[in-house]
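The values are calculated or read from the model by the stated rules, or taken from the named source; none is laboratory data. Being a predicted model, the structure only gives us computed values, none of them experimental. Ideal geometry is used to build each Cβ from the backbone, glycine not excepted, and the neighbour counts take in all protein chains shown.
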Amino acid sequence: MKKGLIFMMTGALALSLAACSGGREGGQDAAENKAAAAPPPLPMPETVSSRPKAGPGEKLFLAKCAMCHGAVGMGTGLLARRVDEPLLEKRTDMDVDFVVQAARMGIGNMPAIPRGEVSDADMKQIAEYLVNKKEVSAAQAEGKVGAQASKREAGQ
Ligand code: HEC
């Protein structure tokens with residue numbers, strides 16, 4: 001896509017140069033056309049620093065997945081071809097096992113994400129965040145905290 005954009009920009013430049021050589025008026029027209037044809041600015045990519053209030057699972061998602069699954073990411077672009085809601089953070093139809101499986105095995109054009117890159121505990125935290133929009137602590141994700149302890153944490 002970037003290549004296409006550069007190609008288009010080169011084309012626009014060549015056009016405006018050609019128009020310039022045609023005389024003063026032509027040059028002005030070309031400059032106006034170029035401004036009118038400029039694409040709208042892309043949304044800013046979301047990063048850990050753009051969301052200072054992110055919880056632990058959300059932070060991991062931003063660090064490990066958002067470069068592809070953010071608003072302008074290629075994961076979002078490719079998912080838009082086959083699902084109604086291409087933003088993983090807005091999906092309501094996934095379960096934790098599906099997210100973990102898809103990320104570990106790779107799916108379609110998405111490369112498999114190995115444990116060296118995202119540990120099992122971190123992957124579970126990301127999946128819990130995406131599926132439940134609910135944060136779990138790192139200890140819970142590793143399975144070190146029993147049901148009793150997590151109930152206490154939740155104040156039940
Ligand atoms: C290198 C870019 C990239 C990264 C990094 C990435 N993904 Fe993906 N992901 C994709 C692409 C592309 C697709 C769409 C695959 C297709 O449809 O061909 C996808 C699809 C998915 C899907 C499938 C959704 C569906 O309904 O089919 C899940 C789940 C998913 N990614 C989770 C994750 C998680 C969790 C992470 C972070 C740990 C992550 N991805 C990191 C590129 C990426």
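Restricting attention to segment 118-130, does a residue exist that is farther than 19 Å from Ala71 by Cβ, surrounded by fewer than 11 Cβ atoms within 10 Å (Cβ to Cβ) and either at pLDDT 95 or above or more than 10 Å from the ligand (Cβ to nearest atom) (or both)? No, segment 118-130 contains no residue that is farther than 19 Å from Ala71 by Cβ, surrounded by fewer than 11 Cβ atoms within 10 Å (Cβ to Cβ) and either at pLDDT 95 or above or more than 10 Å from the ligand (Cβ to nearest atom) (or both).
Scanning segment 77-112 for residues that are closer than 14 Å to Phe61 by Cβ and assigned to a loop (DSSP other than H, G, I, E, B) turns up Leu87, Arg91, Met94.
Would you tally the residues in segment 61-73 being free of Cβ contacts under 8 Å to residues at least 40 places away in the same chain and surrounded by fewer than 18 Cβ atoms within 10 Å (Cβ to Cβ)? Let's see the steps before the verdict.
To start, the set of residues in segment 61-73 that are free of Cβ contacts under 8 Å to residues at least 40 places away in the same chain comprises 62-63, 66-67, 69-73.
Applying the additional criterion that residues be surrounded by fewer than 18 Cβ atoms within 10 Å (Cβ to Cβ) yields 63, 67, 71-72.
So the answer is 4.
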